[in-house]
1. Starting from one equal scatterer on each C-alpha and no solvent at all, send me the Debye-based log10 I(q)/I(0) for the range 5-110 at q = 0.17, 0.19 Å⁻¹, two decimals.
2. Rank these for me by crowding, Glu71, Glu61, Glu94, Glu102, going from fewest to most other beta carbons within 10 Å.
3. Okay, helix-only estimate at 222 nm for the chain: each DSSP H run of n ≥ 4 adds -39500 (n - 2.57), divide by all residues, round to 500 deg cm²/dmol; what do you get?
4. Hey, with R₀ at 45 Å, roughly what FRET efficiency would Asn205 and Asp13 work out to, going by the Cβ-Cβ distance, to 0.05?
5. How far apart, in nanometres, would the label points at Glu177 and Glu71 be if each is projected 7 angstrom from Cα along the Cα-to-Cβ direction?
6. How do Lys198, Lys145 line up, fewest other C-beta atoms within 10 Å first?
7. Sequence gap of 8 or more, or different chains, plus Cα separation below 17 Å: how many lysine pairs satisfy both in the range 118-231?
8. Taking N as the number of residues in the range 162-230, what is its Cα Rg relative to 2.2 N^0.38 Å?
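What follows draws every value from the coordinates through simple rules; no lab data is involved. Bear in mind the structure is a predicted one, so any value in this text is a computation, not a measurement. Neighbour counts are summed over all protein chains in view; Cβ atoms, including those assigned to glycine, are modelled from backbone coordinates with ideal geometry.
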Amino acid sequence: MSQPLRLVVEYDDGSTRKVDYADVDGETRFRLAQLGLTPAAAHVPTSSHYLVMRWRDGWQEVVAIDKESVELLRYYVIERIEDRGRLSLETGDEYPQLFIIERTPRDLTDITIVGSDGAKSYSLDQSVDRWEGIFEAGGKREHVKFDKTSEKYPQKVSDGSPAVRLILDALNKQLQETGISAESLLARDEASRVADYKALAAGLNLRASRHQEDVYGFVEAMLTTLAGEAR
């Protein structure tokens with residue numbers, strides 16, 4: 001397939017709007033490729049840290065945090081008509097980074113932050129409730145599962161190696177089944193790696209929280225670790 005130059009949106013009044021394809025972000029390129037409109041997205045980004053969230057049912061999501069320092073500040077679930085989780089990270093900036101967790105937020109069991117400086121795992125298996133107003137009258141109930149700022153709330157942190165080791169072992173098992181080494185996979189061209197990483201991520205039950213490319217970057221980081229261990 002030839003390379004696209006522009007993305008054109010046509011409206012029902014016959015008017016159109018155009019944008020250079022080079023200005024389209026990686027996630028949109030990936031979606032267009034899924035629809036068969038453009039060549040397969042071939043980009044594996046790198047990030048200083050990756051956040052891995054794991055749910056009670058085994059669902060896992062990855063999000064890249066390209067900051068030199070990343071620590072979990074707090075995580076709590078706001079209970080109203082629908083539950084919403086609020087996760088904030090200390091990244092060395094003036095204000096924390098905030099993420100909203102919509103998928104069964106009270107079932108989020110742990111968070112692991114992986115970086116070149118190691119890994120930390122944060123347990124979310126406990127919670128302390130706090131109220132604002134009368135819940136039945138429209139107030140809210142918060143289930144605080146981690147809060148670094150107050151000793152009243154859970155703060156269970158541990159070396160993330162066991163959690164990361166589980167991912168590395170599962171990844172290594174997949175590689176052995178396909179008869180390919182981490183080092184040889186990393187040596188392939190980017191387009192080929194994207195296709196392989198997509199299959200590996202599915203086997204690891206890893207999904208993107210925001211951008212599909214974050215998963216590819218995380219898989220590559222894990223492969224780099226395995227290749228280093230094999231030397």
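1. Once normalised to I(0) and log-transformed, intensities are -0.96, -1.01.
2. Values: Glu71 15, Glu61 20, Glu94 5, Glu102 9.
If I rank by nearby Cβ atoms, fewest first, I get Glu94, Glu102, Glu71, Glu61.
3. On the way: 5 runs with 65 residues, N = 231.
That comes out to -9000 deg cm²/dmol.
4. Values: r = 45 Å, r/R0 = 1.01.
About 0.50, to the nearest 0.05.
5. 3.9 nm
6. Details: Lys198 16, Lys145 27.
Exposure proxy ranking, most exposed first: Lys198, Lys145.
7. Values: Lys120/Lys145; Lys120/Lys148; Lys120/Lys156; Lys145/Lys156; Lys148/Lys156; Lys173/Lys198.
Close lysine pairs found across the range 118-231: 6.
8. Details: Rg = 11.1 Å, N = 69, 2.2 N^0.38 = 11.0 Å.
The reported ratio for this selection is 1.01.
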